Amino acid sequence: MQLFIDSAIPEEVQKMVDLGIIDGVTTNPTLAAKAGIPYKEAVTKILKMVPGDVSLEVLSTDKDGMLNEARQLAAMGKNVVVKLPTTEEGLKALKILKGEEVRINMTLVFSANQALLVAKLGAYFVSPFVGRLDDIGHTGTEVIEEIRQIYNNYAFETKILFASVRSPLHVKDAALMGCDIATCPYEVLEKLVKHPLTDVGLSKFLDDFAKSGQESLVNYAPTSQNPKSKP
Ligand code: G3P
């Protein structure tokens, strides 16, 4: 499963690129508003940082406006995937843009039927918003299960992008359910590697070895992160 970062903040994206765990980026107008730097500047930087897919969202709500924006966004980089809202106008724009080989991420998907329609029209990604369904008392992952089943039944090639991730549990759900991608906030990505027993176990290894007075197998120097290392 690919991992994307859901962010419009270049520093966050760079940290995860350096960690080597992300394959792409998703942004949206809400994230852009939170970025704290001009959105255009942020996106220009992000497109250079990440060779993988970067989803950029249109702001128009009518078909012609979406087409106009989508063509300009697609021209910003080979790795751009254009996000369109899953509305009637969005479906019309999807059909035309598919014909022009613009890759489209259909966003704000909340039902299996919406996912069925966008797959029929050849969307590159479908983005079900799981966390927002959970917020209103629905089990968001049920929609993911349904979409996976429908896409398997008919061998649709549209990739399922688990969006609106709120916790590491969502990432595990995405992987268990066979999603192609999960797009995660920076804070969730940071939590994926962490486990208290890993820290406890590592500390015990180092303490036990230091107490044993044994020579290490190789030369190593203590660091600020590892002050217990024996020089
Ligand atoms: O990728 C979609 C995501 O940005 C929505 O997340 O947390 O605003 O529901 P959220």
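The values are calculated or read from the model by the stated rules, or taken from the named source; none is laboratory data. No experiment lies behind these values; they were computed from the predicted model shown. Here the Cβ is made from the backbone with ideal geometry for all residues, glycine too, and neighbour counts use every protein chain on show. Quick note on the areas: whole protein, heavy atoms, side chains included, nothing else; ligands and nucleic acids left out. Shrake-Rupley method; radii C 1.70, N 1.55, O 1.52, S 1.80 Å.
For the range 22-55, the tally of residues that are within 12 Å of the ligand (Cβ to nearest atom) and either modelled with pLDDT of 95 or more or in contact with a Leu (Cβ under 7 Å, 6 or more places away or on another chain) (or both) stands at 6. Screening the range 159-206 for residues that are open to solvent by 90 Å² or more (accessible area, probe 1.4 Å), closer than 22 Å to residue 142 by Cβ and not in a loop (DSSP other than H, G, I, E, B) and picking the one that is farthest from the ligand (Cβ to nearest atom) gives 176. Is one or more of the residues making up the range 198-207 of a type in the set (Phe, Trp, Tyr), farther than 21 Å from residue 22 by Cβ and either in contact with a Pro (Cβ under 9 Å, 6 or more places away or on another chain) or touching a residue at least 12 places away in the same chain (Cβ under 8 Å) (or both)? For the range 198-207, residues of a type in the set (Phe, Trp, Tyr), farther than 21 Å from residue 22 by Cβ and either in contact with a Pro (Cβ under 9 Å, 6 or more places away or on another chain) or touching a residue at least 12 places away in the same chain (Cβ under 8 Å) (or both): absent. Kindly establish whether residue 42 is surrounded by 15 or more Cβ atoms within 10 Å (Cβ to Cβ), hydrophobic (A, V, I, L, M, F, W, C) and closer than 18 Å to residue 83 by Cα. Yes: the conditions hold for residue 42. The single residue among 122, 131 that is of a type in the set (Gly, Ala, Ser), closer than 19 Å to residue 2 by Cα and surrounded by fewer than 19 Cβ atoms within 10 Å (Cβ to Cβ) turns out to be 131.
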